[in-house]
Structures are given as C-alpha cells and as structure tokens.
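Asks: Please see the structure below; I have some questions.
The values are calculated or read from the model by the stated rules, or taken from the named source; none is laboratory data. Keep in mind it's a predicted model, so treat the numbers as computed, not measured. Reconstructed Cβ throughout: ideal geometry from the backbone, glycine too, with neighbour counts over all protein chains shown.
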C-alpha cells in the first residue's frame, strides 16, 4: 500500500508531545506486546489477491488487510469513530511512487487473536477516494510496525497466521530455505537479501504483492539480470502497475518473465515467475506462498520457507486485466500477442458488460463480482465502448 515513509511533521500545539519535539522519538519506541498464550492462531481469507483478517482496535473489531509491505493504516472513518488524536503528519510515497500525505495517531491496543499490541503508531487515510476502496477496505491495513518481537508464520493454504513469542514455540516444519531477515527501523518492514547471478541486492517481503518476485526495473534491465531470464519466457505489454494509496499508476511498459538462479540469501527456491516495477525496492511477494509456508522470525532475524503439503494450482496469465477506473471498468493491462490482444481488445477500452452482465450502477456488488468471482482467464463476451462506438469482443479463455 504505502512504502518509503519520509520525514514527518508535528502540530506544534499537540499536548501529546509536550515533552518531545520530534515524531521520530515516538516511532523509535518499541511497540508493546501482551500474550495470553505462547502461540496465537489467527484465521484469514484470501480475497482479491489480499489477506483479510479480523482485528480489534481499541476494543472495536473490524476487518483489515494484512500487508507486510505497508505501515499500519487506519481508515479515516474508523479513526473518527474511535476519536483518535492526531499527533503528526507524514508525507511518503505509495507503491507507485506517488506522494501521499497522511495523519499520524497512536492506537492504545491492537489485538490479533490472543496477542495485543500496545501503543502502535498508525497512519490515517480516507480509502473512499480510491476507485474500489470503500468496497474492499473496512478498518484499513495492518502492516509491519507490529512485526518485531514475534515470529510470524503465514500459511496461505490453511488460511492461518500464527504469532509466537519465538520460532521455537511454533510447530517444527521442514525448512528448505533460510535467510537473514533485516529490520532497518520504522516501519520495521521485513527485508531480505537476494541474489541473481552476480547481482546482490535487498528485497522487501510484501504480502500486498500477488507476485512471486518483482524486480526494480533498473535491476531487471541490467545485463547480469537479463542473462538469467529463461529463454522464451518473456511477454511484454502496456498498462498500469496497479492501484495504491495515491491511486492507479500511469500506463507504462509491462514485462513478465521467468528467472533461473534467483536466490534468497544463498538458496534458490527454484524457478520463479517475475515482473518489474518502476519504484524501488524489489519485492518477494505473496505468490511465493503458492509453494511455501513463510516464517518471519524477528527475534531470530531469520526468514524461512517450508514446503506446503501441496502447491497451489499453477497460475494462468490471461494477458489482460480489468479494473474500476473513473466511473466504470477499463482494460488497464494488455499484453502483446495474448488471446485478448488478438481478439481486438485495446488498452483503455471501457467494458460495460461481460457475458451480458452489466457493469455499472450496482456499486460494491459489481466490484465484488469483477474482482472476486470473475477471472480474466475465463475471457467471455466483453461489451466495449471505444471512441463513441459500442462493440462486443469475444475473448477466448486461457487455460
């Protein structure tokens, strides 16, 4: 959601800061952790390629997105309902590099399962300004500030997040990859060492990204990186890299490819499918959990991968993507030579119906259907408006 938090400013009259003149002093203070059991298990659901779970904020329970690549962000509506005091303001950049200004507040108690985190600094944002924010985001985003001091095991197959006082308290699992886990201070995002041939760099472990690997484009464009792209695996296109707190990114070149010899720490998880992003850093995303259970061991400073009982079905790349933009649904990504491209679909086409189901006028019902039930891989008869004309384009399914 939001990465690269920058310098913050404080209201000079804030009574909460009568004895300190810098918000950084608050952000550097460790978040408190209260446990009623050595291990707490929190169920989550995967919807629209995000992890949703319930959490209690100052005694009020709401649904949140669990996103290790983001600071914790509370919706403006929830912040107002809780009467949170604004203690500062921050301008940072979202995942697309767009500057976003948000207020800071302090949550007294944030509870996940049997674990309560105290005095948690949070950002406040009005998600209703996003095209689908009001439909997909309730309480906000639970991010990385609360990760230090615990071992976190994320099992996407089971839909279970375990929070333990140490990795030793978790059930033992086979480990196929172990690498150093770095914490460089607020917002305490999980940072990993990765290597690609002779390239050695750092990546953010980001459950907010659905991909296996996302390389910063300057890394991907380098000669050493190109040498490790699997021959014949590259597909290119045009479109938006996605929507973040500041809105949807501008259209740009898109590329997808497979990598060999991609290593986390000193070990390869096997061949990975990757894409690129315009804004650093590189990412290791939630797509890695199609094959592995992830443990973020903050006390032990270790990132580990354990094999799932069975991998998820191999992902299909449909070659195009639809999203809500402005007042309707648009083609926001299109890859060259894909079935959708060859059928005549074009970037920016406004899609008003799919297989006779009208899109528009149904509010969140349309959002949940398009992003939860429909899959671009299924194709369909897309009713398209382009340059004042209406046409039906038959997009074949991709299997």
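Asks: Just to be sure before I move on: is residue 7 modelled with pLDDT under 95, out of contact with any strand residue (DSSP E or B) (no Cβ under 8 Å at 6 or more places or on another chain) and not assigned by TED's automatic domain parsing to the domain that holds residue 298 in the structure I sent?
Replies: Numbers: modelled with pLDDT under 95: yes; out of contact with any strand residue (DSSP E or B) (no Cβ under 8 Å at 6 or more places or on another chain): no; not assigned by TED's automatic domain parsing to the domain that holds residue 298: yes.
No, not satisfied.
Asks: Take residue 26 and decide whether it is outside any strand (DSSP E or B), over 20 Å from the mean Cα position of the chain (by Cα), surrounded by 19 or more Cβ atoms within 10 Å (Cβ to Cβ) and at pLDDT below 95. Working first, answer last.
Replies: Working: outside any strand (DSSP E or B): yes; over 20 Å from the mean Cα position of the chain (by Cα): yes; surrounded by 19 or more Cβ atoms within 10 Å (Cβ to Cβ): yes; at pLDDT below 95: yes.
So residue 26 fits the description; yes.
Yes/no matrix, rows are residues, columns are (1) out of contact with any helix residue (DSSP H, G or I) (no Cβ under 8 Å at 6 or more places or on another chain); (2) within 23 Å of residue 67 (Cβ to Cβ):
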residue: 193; (1), (2): yes, yes
residue: 201; (1), (2): no, yes
residue: 212; (1), (2): no, yes
residue: 218; (1), (2): yes, no
residue: 236; (1), (2): yes, no
residue: 253; (1), (2): yes, no
residue: 264; (1), (2): yes, yes
residue: 277; (1), (2): no, yes
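Asks: Quick check on residue 327: is it within 30 Å of residue 265 (Cβ to Cβ) and at pLDDT below 95? If you could, list the steps in order and put the result at the bottom.
Replies: Numbers: within 30 Å of residue 265 (Cβ to Cβ): no; at pLDDT below 95: yes.
No; evaluated as a whole, the condition is false for this residue.
Asks: Scan segment 391-399 and tell me whether some residue there is surrounded by 20 or more Cβ atoms within 10 Å (Cβ to Cβ), modelled with pLDDT of 95 or more and within 26 Å of the chain's Cα centre (by Cα). Steps first, answer last, please.
Replies: Initial filter on segment 391-399 (surrounded by 20 or more Cβ atoms within 10 Å (Cβ to Cβ)): 395.
From what's left, modelled with pLDDT of 95 or more: 395.
Those still in the list that are within 26 Å of the chain's Cα centre (by Cα) too: none.
No, because not a single residue in segment 391-399 is surrounded by 20 or more Cβ atoms within 10 Å (Cβ to Cβ), modelled with pLDDT of 95 or more and within 26 Å of the chain's Cα centre (by Cα).
Asks: Looking at segment 120-154, which of the residues that are in a strand (DSSP E or B) and under 16 Å from the mean Cα position of the chain (by Cα) is farthest from residue 27 (Cα to Cα)? Walk me through it before giving the result.
Replies: Here is the first cut: in segment 120-154, the residues in a strand (DSSP E or B) are 120-125, 140-142, 151-154.
Within this subset, residues satisfying the condition of being under 16 Å from the mean Cα position of the chain (by Cα) are 140-142, 154.
Numbers: 140: 20, 141: 18, 142: 16, 154: 26 Å.
The extreme case among them is 154.
Asks: While we're on this one: So, in segment 354-386, of the ones that are modelled with pLDDT under 95 and on the phi > 0 side of the Ramachandran plot, which residue ends up surrounded by the fewest Cβ atoms within 10 Å (Cβ to Cβ)?
Replies: 361
Asks: OK, next. Given the condition at pLDDT 95 or above and farther than 30 Å from residue 363 by Cβ, answer yes or no: does some residue in segment 121-137 qualify?
Replies: Looking for residues that are at pLDDT 95 or above and farther than 30 Å from residue 363 by Cβ, one finds at least one in segment 121-137, hence yes.
Asks: For the structure I just gave you, tell me whether residue 86 is touching a helix residue (DSSP H, G or I) at 6+ places or on another chain (Cβ under 8 Å) and either more than 25 Å from residue 326 (Cα to Cα) or not assigned by TED's automatic domain parsing to the domain that holds residue 328 (or both).
Replies: On the way: touching a helix residue (DSSP H, G or I) at 6+ places or on another chain (Cβ under 8 Å): no; either more than 25 Å from residue 326 (Cα to Cα) or not assigned by TED's automatic domain parsing to the domain that holds residue 328 (or both): yes.
So residue 86 does not fit the description; no.
Asks: Let me ask you something else. Just checking, how many residues over segment 249-268 are surrounded by 21 or more Cβ atoms within 10 Å (Cβ to Cβ) and not in a loop (DSSP other than H, G, I, E, B)? First the steps, then the outcome.
Replies: Taking segment 249-268 as the starting set, the residues that turn out to be surrounded by 21 or more Cβ atoms within 10 Å (Cβ to Cβ) are 249, 257, 259, 262, 264.
Okay, now just the ones that are also not in a loop (DSSP other than H, G, I, E, B), so 257, 259, 262, 264.
Selection size over segment 249-268: 4.
Asks: Look through 261, 290 and report the one residue that is out of contact with any strand residue (DSSP E or B) (no Cβ under 9 Å at 6 or more places or on another chain), in the same structural domain as residue 197 (by TED's automatic domain parsing) and farther than 30 Å from residue 394 by Cα. I'd like the intermediate steps shown before the answer.
Replies: Values: 261 fails: out of contact with any strand residue (DSSP E or B) (no Cβ under 9 Å at 6 or more places or on another chain).
Answer to the selection: 290.
Asks: Right, something else. In contact (Cβ under 8 Å) with a residue 60 or more places away in the chain, surrounded by fewer than 22 Cβ atoms within 10 Å (Cβ to Cβ) and over 16 Å from residue 264 (Cα atoms): which single residue out of 109, 119 fits that description? Don't jump to the end; show me each part of the working.
Replies: Numbers: 109 fails: in contact (Cβ under 8 Å) with a residue 60 or more places away in the chain.
Checking each option against the conditions leaves just 119.
Asks: Against the definition (outside any loop (DSSP other than H, G, I, E, B) and touching a residue at least 40 places away in the same chain (Cβ under 8 Å)), how does residue 377 come out, yes or no?
Replies: Considered against the rule, which asks whether it is outside any loop (DSSP other than H, G, I, E, B) and touching a residue at least 40 places away in the same chain (Cβ under 8 Å), residue 377 comes out as yes.
Asks: Identify, from the list 124, 73, 146, the residue that is crowded, with 19+ Cβ neighbours inside 10 Å and more than 25 Å from residue 212 (Cα to Cα). Break it down into steps so the answer makes sense when it comes.
Replies: On the way: 73 fails: more than 25 Å from residue 212 (Cα to Cα); 146 fails: more than 25 Å from residue 212 (Cα to Cα).
Every option except 124 fails the conditions.
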